[in-house]
1. Where the centre of each part is set by its Cα atoms, how far does the stretch 587-613 sit from the stretch 357-428, in angstrom?
2. Once you put a point 7 Å from the Cα of residue 289 and another 7 Å from the Cα of residue 407, both along the Cβ direction, what distance in nm separates them?
3. Select from the stretch 338-404 those GluC sites (Glu not before Pro) which occupy a DSSP coil region and have at most 14 other Cβ atoms within 10 Å, ordered by residue number.
4. Along its principal axes, what span do the Cα atoms of the stretch 209-284 show, with the longest given first and each in whole Å?
5. Counting only C-alpha contacts under 8 Å and six or more residues apart, can you give the relative contact order of the chain as a whole percent?
6. Residue 430 to residue 559: FRET efficiency via 1/(1 + (r/R0)^6), r the Cβ-Cβ distance, R0 35 Å, to the nearest 0.05?
7. Taking the alpha-carbon set of the chain, what are its Rg and Dmax in Å?
8. From largest to smallest, what semi-axes in whole angstrom does the stretch 356-444 give when each is the square root of 5 times an eigenvalue of its alpha carbon gyration tensor?
Amino acid sequence: MCGFVGAIHQNGTQVDLSDIKMMNQVISHRGPDDEGYFDNDDITVGFRRLSIIDLAHGAQPLSYADQRYWIVFNGEVYNYVELRDELKKEGYRFKTDSDTEVILAMYQKYGQGTAQYLRGMFAFVIWDTETHQIYGARDHFGIKPLHYAEKDGNVYFASEKKAIVKLLDDRRVDDQTLQQYLTYQYAPDPDTFTPSIKKIPAGHYFIKEPGQACQVKRYYQPIFAPQTHVDENKLIDKVTNVLRDSVAKHMRADVTVGSFLSGGVDSSIIVALARELSPNIKTFSVGFEREGYSEIDVAKETAERLDVENISKVITAQEFIDEFPNFVYAMDDPLADPAAVPQFFLAKLARKYCKVALTGEGADELFGGYTIYNEPNSLKMFEKFPHSLNQMLNHLAKALPEGVKGKSFLERGTTPLEQRFVGNAKIFLEPEKKRLLTHYHPELPYTLITKALYEADKNLDPITRMEDIDMNTWLIGDLLLNADRTTMAASLELRTPFIDKEVFKVASEIPADLKIAHHTTKYILRKAAESFTPDNVLYRKKLGFPVPIRFWLMDELADWAEKIIDESQVDEYLHKDYVRQLLHDHQAGKRDNSRKIWTVLTFMKWHQIYIEQKYPEIFSSQNKVLTY
């Protein structure tokens, strides 16, 4: 796990190495163990290393084939041992035991097709000193980040956006991205809050030839293909086998591997399987003081049943707000998922004991874990009604006052799936954004983000379509962004065994009625886990990562929230009077506006840090290499 920065200057002005070193310092937290640089007529790069595999010889930038090919690489390739064995049989030779060198050998063999053969999480850039072609790729599911910007003929790239922002000094705000953020609570790919900087989307690669523009192309699209007439027992065996294989490969490391452990089934499955290979594995949990907002007790019970050590921390409201600016800085762009902040604490806790940690992220999207996936079944009655009746009921529902019993059910039942579901988070609706934004773009409704996805999966059942939307939006834009930034801020490598292309192959075949079944979610996954996972978590109600912001905004965080609203200089973008009304209505108990308020507060805090630059101490402290 590492980070890199660089500039392609084939068509522009040679970039000074000192600029690359400055960019590299910005991401020093991603790799406190080592740094390296490379500079020629085509490209200048910097690299930060967190040593995980081949500690002695895995330094980067790394070359291959008598220094013809060079690479900077962030991530892990979990099938590198198998790929290297195959390549050796064909005559390829290796000087290191690193997965990085295997990528270069694969590139010599497969060229632009390299990424599709890799199993893992990765972002890398390769340059050929003979053809002067530059090739980069981001992994299949978007676990690892890759940002880029084009200016004056040069292409700048980096693992984190803040490094490019530092070089270009671009402090503009993309108000179109802000508009979508207010619904999704993150900046949907490929856009960022900085209009000049984009993200290479998941499952894409780019090519840069001398004298030509940078071309971004797709190499992988996860496609759900649920099968009919499946044998449930055989399917359970396939899930068990592929998960056991994935966890085994995700544990390949030359350093200590630990695991996050919540009170839920997903992380418990990972720990149970990891323990088979590493009986002394340490696990880590966090929670809050308020009753009902901590899963530490369940996590400790699970750890005891699995006979593994559990280390936990209780987060106070004051600690939460004290660390919040550091969290926002780490994210690059606003991420308004309250559940993301506890992972910032969790990563710091785990890093005291290990360099690599496993997590259960991705199981819900692959195996049907969110309770909202029950919705198509609960709304089936509306499918029998004529279109005209549904329209009438929809108008009636909208006319009902807020809080009236049945209003939400009628609205959802008479609204097409494509309009009512755009991922696990839907914060502000369009009428609300019109009131909140000073510049609202009517041509950019939130459905624009998911339109192409819904067109592509129109032949699938509603539950699978919802999974597809979440996998291509929420998972990448929220969960994986959080997973990368919070852990990398602590110089910790986080691995996600569920988000694996071999696991997805199996999960993609599971029919909806074996995901949402028998009054539970993730039915097949739970059945597969029965033989090795403690029963105290197998069928518990999903809590996610509960954060008591609903109560905090009425009490502990009330003054803090008011101060951010008053002091932030966002009047160019938001109507503050509307924000204050949301907060006051929430505090008066009129309605729960906590998620809306948190989404706005997160943007305001981000604006203070990156645009107003009110926290210079964050930039100076975060640019120092962490020591433990």
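Bear in mind these aren't lab numbers, they're just calculated from the coordinates by the rules spelled out. Fair warning: this is a prediction, and the values are worked out from it, not measured in the lab. Don't worry about glycine lacking a Cβ; one is built from the backbone with ideal geometry, like all the others, and counts go over all protein chains shown.
1. Cα centroid to Cα centroid, the span is 26 Å.
2. 3.5
3. Working: sites: 361, 365, 383, 402; in loops: 361, 402.
Passing both the DSSP loop test and the Cβ count: 402.
4. On the principal axes, the stretch 209-284 reaches 55, 44, 22 Å in Cα extent.
5. 17
6. 0.65
7. Calculated on Cα positions, Rg and Dmax stand at 24.1, 73 Å.
8. Working: eigenvalues 154, 99, 29 Å².
Semi-axes (√(5λ), whole Å): 28, 22, 12.
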